[in-house]
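One structure is given below, encoded as structure tokens.
Every number here is computed from the coordinates shown, using simple stated rules; none is lab data. It should be emphasised that the depicted structure is a prediction, and the values quoted were computed from it without experimental measurement.
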Ligand code: HEM
Ligand SMILES: *[C@@H]1O[C@H](CO)[C@@H](O)[C@H](O)[C@H]1NC(C)=O
């Protein structure tokens with residue numbers, strides 16, 4: 001008798017879950033519409049084509065991979081991962097690329113190279129938003145970072161949100177408190193935020209973004225020898241904003257997404273004020289130390305946070321479209 005009740009309870013319980021599960025999933029709407037291999041039927045080679053194009057571009061211009069990583073941040077942080085970043089300034093649209101926060105962003109034209117290859121294989125099928133996410137994913141691997149399994153099915157916005165950029169993407173001299181709250185608001189915790197900064201293990205920073213730490217005197221939180229080296233890279237306290245002078249984010253392994261960034265920070269060789277603050281702020285510094293000591297841990301956290309970033313508030317269904325050209329909304 002008891003036994004019978006137990007099996008019944010078990011049975012009823014599992015059918016209850018069976019009924020409830022789809023309901024529970026429904027509540028996640030936005031997110032659950034993204035799925036692994038979304039293009040399995042509509043464009044089975046989509047992910048492979050993106051990987052091939054990203055690899056070809058990397059072989060010709062290594063820094064394209066760096067750009068795809070920054071694109072993910074600048075696109076996904078502003079409202080959603082919807083390729084709003086890629087829209088150009090035409091027909092009443094004001095591109096997010098015009099913002100001061102987008103300073104130094106490059107290689108947008110090569111997004112079109114990837115899109116073109118996809119359009120040839122399956123016209124009007126693969127979204128620019130998925131190109132932003134998957135190109136970052138594949139770029140990360142080429143730069144020696146972790147492999148990340150990513151869902152797809154994002155749609156493209158019909159707008160660019162220039163006026164939202166400054167209220168979402170932090171500035172180089174913002175406080176850690178503000179930086180953490182911005183990431184928190186899209187569901188990324190402190191540990192994940194510290195890991196995402198590891199993207200500054202690759203690429204470059206133009207002098208305008210850190211000369212205030214060199215002149216009139218070298219910021220005491222900066223290693224003095226490194227300060228002198230940077231003054232050599234940036235000889236003017238007032239660089240022409242159009243000048244191309246820059247320093248490598250990570251002088252030792254400038255094209256590898258590794259934990260050298262955190263080791264540099266511990267040696268007081270962070271370029272941006274926000275970089276250096278990761279080590280002085282007590283909420284973030286324990287994670288910096290852990291990441292500096294353990295590249296595997298950094299990669300795990302980086303992968304986790306990139307995934308969260310890539311799934312921020314995706315557009316799905318009729319809210320949006322699949323652009324034909326990533327630079328323009330469809331004209332129909
Ligand atoms: C508070 C957060 C952040 C701030 C204030 C910030 C700011 C900056 C600045 C000022 C530059 C230099 C631009 C230039 O002078 O050319 C830069 C470069 C870069 N950032 Fe960030 N960043 C932040 C977070 C992130 C995150 C989360 C990622 C990606 C996950 C990222 C990826 C990159 C990359 C890859 C570059 C190098 C770009 C290149 O060489 O073309 N950043 N960032
Ligand atoms: C931060 O830097 C910008 C220039 O990029 C400058 O206009 C602003 O005054 C600085 N803010 C602070 C708090 O220093």
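Some observations on this one:
- Relative contact order, percent, the chain [alpha-carbon distance under 8 Å, six or more residues apart]: 25
- With Cα atoms, 0 to 90° folded angle of helix 108-121 axis to the chain main axis: 30
- Relative contact order of the stretch 258-332, pairs being alpha-carbon contacts under 8 Å that are 6 or more residues apart, as %: 25
- Rg and Dmax of the stretch 38-170, based on Cα coordinates, read 14.2, 41 Å.
- Taking 128, 76, 43 as the candidate residues, the one with maximal mean-square fluctuation in a Gaussian network model of the chain, Cα springs under 10 Å, is 43.
- Counted over the stretch 53-117 with a bin width of 10 Å, the fraction of Cα pairs per bin, in whole percents, is 20, 52, 26, 2.
- For the chain, the Kirkwood estimate of the hydrodynamic radius, built from every pair of different alpha carbons, is 21.3 Å.
- Centroid-to-centroid, using Cα positions, the stretch 270-299 and the stretch 205-227 are 19 Å apart.
- Angle between the chain longest axis and helix 295-310 axis [Cα atoms, degrees, rounded to 10]: 70
- Value of [θ]222 nm, deg cm²/dmol, for the chain, DSSP H segments ≥ 4, -39500 (n - 2.57) each, nearest 500: -15000 deg cm²/dmol
- In plain terms, if you count all Cα to Cα distances in the stretch 176-309 and split them into 10 Å steps from zero, the share in each step is 13, 42, 33, 12, 0 percent.
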